[in-house]
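Readers should treat all values here as calculations from the given coordinates under stated rules, not as data from a laboratory. This structure is a prediction, so every number in the text was calculated from the model and none was measured. Methodologically, a virtual Cβ is constructed for each residue, glycine included, from the backbone with ideal geometry; neighbour enumeration extends over all protein chains shown.
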Amino acid sequence: MNSALSKSEGFQGTLSNIQLIDLLQMTCLSRISMNIKVEGEGKEGLIQIFNGNIVHAESGQVKGEEAFFEIMSWKGGNFQTFSMTDVPTPTIEKNWEFLLIEATKMQDETSKSGRAYQTDDSLLKILIVDDSKLICKKMQEMIESDPQLKVIGTAQNGKEALKKISKLDPDLITLDINMPVMSGGTALKHIMIQSPCPVLIISSIEEKDMSKVMDFIRLGAVDFIPKPKPDDNVESQREKLISKIKLAAKANVHKFKRCKLSPQNKKEQAVDHPSLSSGDRSIIIVAGMGGFAECIKIIPNLNAYSCSIILALWHNDLFLGSFAEFLNGYTEINIVPVRKGGKQRLLKNCCYLCSLEREIILTKDNNTIELIPGEEDKGWESSLNTFVHSVCEIFTQASQLVWIFLSGEEKIPEKSLNTILSRKCHLVVQDPKTSLYPILPESCLKGRSGGVVVPSERIPEALTKLVSG
């Protein structure tokens, strides 16, 4: 074993996977340095934690991440802790949260205890987490008005929620952000490590603070919906809540991979971006449910490409401003939200966010291209068909357009896909096996060949090859 081990007072315990994960999580959260000797399945292993980071693991001749995941796959055994006398040589670069989330997924897949992809016909078990008992009661009444949904418990803070999750095994958790004892953010980290489950954020947070919601989505939450308000239409609130819950419950959260983002310090002086013309290249990204999480991985890793990027999301446009502000903190590209009632001239080296909950069209006047969102909600199929048609009418050369389709619960309309394929545009599709919601990418590929199929984290690389090729 590693010479850094010092045989001092420690504790010895029986190892079950979740107990070892709890120990690792507690040690990392406390930013402690510790050696953990693990014995299981006739083997010995070592995990070293330095200042709250898992920096080294070894099992026999195997070291690094491979050794860590091998140790975490052992079915049983025992472990013992030792103090650390020397600074260990790092063999693991990934952060501890990523490692524990991946280890939990691996254990779930091995034991075949992972959650099945839910259908609307299933009776969904819901756990409500909110510090207001009145809100819990109101939400329970709304949720249980649908015969397919069952509230199996409520909790007033994150700590209480974690105890109930292990006992009740919910299919979905509604989670408030600001709570006493343990906040929603801390609870979410524990949930995604210990008991991965679809989490729907329900909070009364103001729009100006929506960047907090984006952090929750980056940590693994599936979606967000505002808390019901007394002056809102009760029936409308109920329908939106039930619809969001049913969609969120379908998320394949075991496919979620948390990404690490590096803040960007943009230049303070204004940059004069040239206008986009119909002879230039444009990148169009379409995302449905789960799209926020995928875009958080992709957009910060894109280059400017000397073109324009349009990100069309199937989500309420009230959140576009906050999402743009969030992304602007992690990318050199200028992110611009485009909401109803306005229009935006397209410039190179900019990314435009718009909502497909209303029709969006591109228009051209004297070689100036503008993005114009409509006033009415036309529905997914109508909005996407109109958008695709208007884009392809302006960019007529196949090499000018790159279409990217990400996670989504909705199918791509045949009319839209036929238009894209008939124009022989470049097509990049997120691998359905890595999608929170695989229906949209699957519908792009069903019965067809062609296009680039890659996991979301490899889309920037694939895009660079297409654009520079």
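Only Cα pairs under 8 Å and 6+ residues apart enter the sum, and on that basis the relative contact order of the stretch 321-394 stands at 27 percent. Would you work out which of ALA251, LEU149, ILE202 lies farthest towards the positive end of the dipole of the stretch 124-255? Charges go on Cβ: Lys and Arg +1, Asp and Glu -1. The residue sitting most towards the positive pole is ALA251.
For the pair HIS389 and ASP215, label points projected 7 Å from Cα toward Cβ lie 4.4 nm apart. Once both labels are positioned 7 Å from their Cα atoms along Cα-to-Cβ, the gap between SER236 and GLN80 label points is 6.6 nm. In percent, rounded to a whole number, the relative contact order of the stretch 282-468 is 22, using alpha-carbon pairs under 8 Å and six or more apart.
Of the GluC sites (Glu not before Pro) found in the stretch 326-393, the ones in coil according to DSSP and having at most 10 other Cβ atoms within 10 Å of their Cβ are GLU375. For the pairs LYS212/LYS415; LYS246/LYS433; LYS75/LYS150; LYS138/LYS164, note any where the Cα-Cα span goes beyond 30 Å. Correct reply: LYS212/LYS415; LYS75/LYS150. Classify the stretch 282-468 as rounded, prolate or oblate from the Cα gyration tensor: take a ≥ b ≥ c as the square roots of its eigenvalues, call it rounded if a/c is under 1.5, otherwise prolate when a/b beats b/c and oblate if not. Because its axes are fairly even, with a/c under 1.5, the stretch 282-468 counts as rounded. Each of VAL336, ALA324, CYS350 was placed along the dipole of the stretch 282-468 (beta-carbon charges, centred on the mean Cα), and the one lying farthest toward the positive end is CYS350.
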